[in-house]
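Accompanying notes for the structure given below.
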Amino acid sequence: MSQRLGEEYKMRQNRLYIKRRKLAVSLFLAVLSGTLSGCALPDDFAGMIRPVEEVVSTVRQNMELRQQMNALELPKDVESISAGRYAYESLSKEEQKIYDQMLDAVMNQEEEVTLSTSDGRRLEDIFNCIKADHGGLFWVESFRYTQYQRNGQTEVMSFAPNYIMTAKERAAMQKKIDRQVKQYVKGLADATDYEKAKTIYRRLIQKVDYNLKAENNQNIISVFIGKETVCQGYASAMQYLMNELGIPCVIVTGMAKGGPHAWNLLQLDGEWYYVDVTWGNSKYHDDEENDVKYVEYDYLNITTEEMTQDHSPQVAFDLPVCTSLENNYFVKEKKYFTSMDETAVAEIGTIIRRAYKKGKSNVSIKFGNRELCAQAKEYFLTQYHISDYCEGLETVYYKTDMQMNIFVVIFP
């Protein structure tokens with residue numbers, strides 16, 4: 001982004017939705033010319049350059065700007081609280097120092113702090129790294145920075161977060177969130193990495209509805225208090241809860257099926273996997289055209305190859321190539337099949353029968369390829385062999401995802 005003297009750049013927070021996106025419009029305030037013009041800009045970022053001394057500046061203006069600059073404290077040496085966080089570790093040592101200073105300001109709800117840099121070009125990326133690593137920052141929306149210049153050279157740069165509530169309001173809200181978080185993580189302290197991820201994934205979907213009009217849907221308030229959110233809220237809550245349970249997790253943003261979206265990258269037993277809670281929140285129409293909600297595990301602990309079929313990450317840090325299937329839901333639950341021979345058919349039938357008798361709302365089976373998935377649908381539904389395993393079953397719904405090779409049986 002070009003940096004012109006006397007211009008103010010303001011940006012709002014990204015509104016990440018699965019279906020649509022609202023673009024913020026920012027104003028360029030040209031002090032020297034006194035004209036206004038508008039344009040759409042990337043969200044979550046603002047920059048302002050204030051010249052300390054210019055020929056066209058009056059002595060009074062010059063003195064005021066000098067006073068503002070002198071009032072700023074020197075950049076602080078901040079102890080890091082982000083060591084080991086994925087996005088943080090992707091940064092250079094210099095960028096980590098700036099990250100620490102920015103995060104410290106947010107955590108202490110500072111109005112404005114001085115940074116150890118005079119270059120504002122990477123601040124947006126670093127701020128987005130903070131948000132990716134820390135899903136619980138519900139009280140801050142965006143930021144602006146100010147560069148103080150003398151004769152065209154930046155002498156000091158400050159960072160000012162834009163807060164959506166006071167420190168007192170934040171403390172009260174945090175107490176409410178903490179009470180809810182205790183319920184989410186209950187019973188998981190000694191669980192395996194896989195059980196932690198699966199349980200939180202399921203609880204988020206069961207407890208929280210998807211709603212584009214939900215209040216505070218860009219932060220965890222919408223999840224833990226409002227019980228309604230969008231993809232950004234789900235991803236932020238997943239990161240926050242995984243961190244509470246000691247599981248490395250980061251928020252990934254980008255595009256999915258043509259629209260802005262957010263999901264997660266997490267590490268289980270030393271291997272990285274992708275998770276998309278939003279796309280696990282599924283519904284079907286029953287005979288009375290009612291929407292019936294159920295949990296889908298298609299996007300729980302999947303590979304890069306599977307995720308990038310319909311997700312395109314757009315982040316400021318490098319992502320690993322996820323190849324492990326060890327903690328994939330279907331592999332772990334023994335619901336993954338690479339053939340449709342007699343043995344496999346009998347095992348699939350047993351899985352369906354067990355789910356039906358236990359009163360489960362649905363059961364999903366994953367196959368090694370599309371042909372096998374189609375064969376399963378033909379055998380169990382078109383030929384109705386599902387009745388061989390589910391006595392008394394009169395109505396059944398189903399879904400086949402030929403992209404992920406998953407066959408879902410839904411019991412009404």
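Can you pull out every residue in segment 201-222 that is assigned to a helix (DSSP H, G or I) and under 16 Å from His134 (Cβ atoms)? Lay out the reasoning, then the answer.
Of all residues in segment 201-222, those assigned to a helix (DSSP H, G or I) come to 201-207, 221-222.
Listed by number, the list holds a single entry, Ile221.
Of the residues making up segment 158-188, those that are touching a Leu at 6+ places or on another chain (Cβ under 8 Å) and aliphatic (A, V, I, L, M) are Val181, Val185, Leu188. In the list Lys358, Lys366, which residue meets the criterion of being charged (D, E, K, R) and buried (at least 19 other Cβ atoms within 10 Å of the Cβ)? Criteria check complete, one pass: Lys366. Restricting attention to segment 58-117 and to residues that are touching a Ser or Thr at 6+ places or on another chain (Cβ under 6 Å) and at pLDDT 80 or above, the residue that is nearest to Val156 (Cα to Cα) turns out to be Thr114.
Against the conditions (1) in contact (Cβ under 8 Å) with a residue 40 or more places away in the chain; (2) part of a helix (DSSP H, G or I); (3) touching a Leu at 6+ places or on another chain (Cβ under 8 Å), Ile225 satisfies every one except (3). Listed by first and then second residue, the pairs with beta-carbon distance under 7 Å, at least 6 apart or on different chains, first residue in segment 135-151 and at negative phi and part of a loop (DSSP other than H, G, I, E, B), second among the charged types (D, E, K, R) and at pLDDT 90 or above, are Leu137/Lys131; Trp139/Arg170.
Residue by residue through segment 222-253, note down the ones that are among the aromatic types (Phe, Trp, Tyr) and in contact with a Phe, Trp or Tyr (Cβ under 7 Å, 6 or more places away or on another chain). Quick ask: steps written out before the conclusion?
Pass one, segment 222-253, residues among the aromatic types (Phe, Trp, Tyr): 224, 234, 240.
Within segment 222-253, no residue meets the criteria.
On the stretch given as segment 236-264, residues that are assigned to a loop (DSSP other than H, G, I, E, B) and more than 19 Å from Val223 (Cα to Cα) total 5. Pick from Lys257, Lys168, Lys176: which is surrounded by fewer than 19 Cβ atoms within 10 Å (Cβ to Cβ) and free of Cβ contacts under 8 Å to residues at least 24 places away in the same chain? From the options Lys257, Lys168, Lys176, the qualifying one is Lys168. Scanning segment 110-121 finds no residues that are in a helix (DSSP H, G or I) and within 18 Å of Asp77 (Cα to Cα).
Pairs meeting the criteria (first residue in segment 208-221 and in the same structural domain as Glu244 (by TED's automatic domain parsing) and over 19 Å from Ile164 (Cβ atoms), second residue modelled with pLDDT under 95 and of a type in the set (S, T, N, Q), beta carbons under 6 Å, at least 6 apart or on different chains) are Tyr210/Asn281.
For segment 189-221, a residue qualifies if it is within 24 Å of Asp291 (Cβ to Cβ), out of contact with any Phe, Trp or Tyr (no Cβ under 9 Å at 6 or more places or on another chain) and surrounded by fewer than 19 Cβ atoms within 10 Å (Cβ to Cβ), and the qualifying residues are Gln206, Asp209, Asn211, Lys213, Glu215. Every condition in (1) among the basic types (Lys, Arg); (2) touching a Leu at 6+ places or on another chain (Cβ under 8 Å); (3) part of a loop (DSSP other than H, G, I, E, B) is met by Lys198 except one, and the failing one is (3). Looking across Gln309, Gln267, one residue alone is modelled with pLDDT of 95 or more and either buried (at least 23 other Cβ atoms within 10 Å of the Cβ) or assigned to a loop (DSSP other than H, G, I, E, B) (or both). It is Gln309.
Pairing each residue of segment 327-340 that is among the β-branched types (Val, Ile, Thr) with any residue that is surrounded by fewer than 21 Cβ atoms within 10 Å (Cβ to Cβ) and assigned to a loop (DSSP other than H, G, I, E, B), provided the two are 6+ apart or on different chains, yields C-beta distances under 7 Å for Val331/Leu325; Thr338/Gly368. For segment 352-386, what are the residues that are more than 16 Å from Glu296 (Cα to Cα), in contact with a Phe, Trp or Tyr (Cβ under 9 Å, 6 or more places away or on another chain) and of a type in the set (Val, Ile, Thr)? The one that is more than 16 Å from Glu296 (Cα to Cα), in contact with a Phe, Trp or Tyr (Cβ under 9 Å, 6 or more places away or on another chain) and of a type in the set (Val, Ile, Thr): Ile386.
The values are calculated or read from the model by the stated rules, or taken from the named source; none is laboratory data. What you see is a predicted model; the values in this text were computed from it and never measured. FYI the Cβ positions are ideal-geometry reconstructions off the backbone, even for glycines, and counts take in every protein chain you see.
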